[in-house]
Structure formats: C-alpha cells, structure tokens
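Notes follow the structure.
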Amino acid sequence: MLFVLDASALINEPNFSFEEKHSYITTRLVVQELKTFETKYLTDNALHHDILKIKNPEEKTLKKIEKLVKKKGFRPLSPADVSVIALALELKNSGKNFQVLTDDYSVQNFLKLLKISFSSVIQGEIKKTIEFEKKDN
C-alpha cells in the first residue's frame, strides 16, 4: 500500500514506524515541518532506505487547492498541509491506490470533500465534513 504522510502522522505518533512492505511519500514542506530529533532521524532513515520518497505537487495543483480553501471559507491551511492535499489529488487523478495518513482535522475535511481516502494515526477521524459559505456584506 502507498501512504501519503502528513507531518501530524509522524509528530503525533511517537511509535510511528515505516514498514518495508509499504511505500510512503510526502512533500519537502512536510519534511521541513519536522523539528524533533526523533522525527528527523525517522524520516532521514526511511529516505536513505528508499522506503520514503519526496514528491512535490505541481504548482497548478497547489493553486487549485489554495483556491478551494478560500472558496470554502476556511482558515488558511499551512503550505505543508496544502502540499499534502495537492499531492493526494495528483495521485488520485493518476489512478493510484493510496491512503493519506493524517491527524489534522482540517486536512481530513478537505480530503473528504475531494473524496480522497485517509486514515488517522492516533487522534481519530472527523465524523462529518464542514463547508462554509462566504457572505458578502
């Protein structure tokens, strides 16, 4: 199985481990969000052993996700969050079978809106999606 990693998956689960029977992918921005020695070592080791790959989404997909975030009236997502959602959308559009691992409820919400499979690592999954509608004054 291919897993797309959000930073929250690695940060929130102190016992997270990369299983060699799976493949993992994330973005450069997610790796840059990792601050502790443990999470940096874990990802560096997985990158070194080719269990984890870094792939950055295309600029046009990033713009599409940023536009959707604004349209739905949510607080701005971090650039790393947008990159994970954009990468997941690209994988979906290419027909790949994968799942996003994230504990971030805002990321989960957008994945659900885009009909992209995700799983929580430790905090649980959202029960329903929320959409806001912007009102002009």
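Remind me, relative contact order of the stretch 2-119 in percent, using alpha carbon pairs under 8 angstrom and six or more residues apart?
Numbers: 157 pairs, mean separation 38.2, N = 118.
Taking the mean separation of contacting Cα pairs over the length of the stretch 2-119, I get 32 percent.
Based only on other Cβ atoms within 10 Å, what is the fewest-to-most ordering of L10, L89, L2? Display every interim value, and only then the final one.
Details: L10 26, L89 20, L2 13.
Exposure proxy ranking, most exposed first: L2, L89, L10.
Ranked by how many other Cβ atoms sit within 10 Å of their own Cβ, fewest first, the residues Y41, Y105 fall in the order Y41, Y105. Of the beta bridges in the stretch 2-119, as assigned by DSSP with both residues counted there, near 0 percent are antiparallel.
Computed log10 I(q)/I(0) for the chain at 0.13, 0.19, 0.21 Å⁻¹: -0.53, -1.10, -1.33, from the Debye equation with unit scatterers placed on every C-alpha and solvent omitted. Here the residues S94, S83, S119, ranked from fewest to most Cβ neighbours within 10 Å of their Cβ, fall in the order S94, S119, S83. Normalised by the number of residues in the stretch 57-102, the mean separation of alpha-carbon contacts (under 8 Å, six or more apart) gives a relative contact order of 42 percent.
Bear in mind that the values in this text are calculations on the coordinates, not laboratory data. What you are looking at is a predicted structure, and each value in this text was computed from that prediction instead of being measured. All Cβ positions, glycine included, derive from the backbone under ideal geometry; neighbour counts span all protein chains shown.
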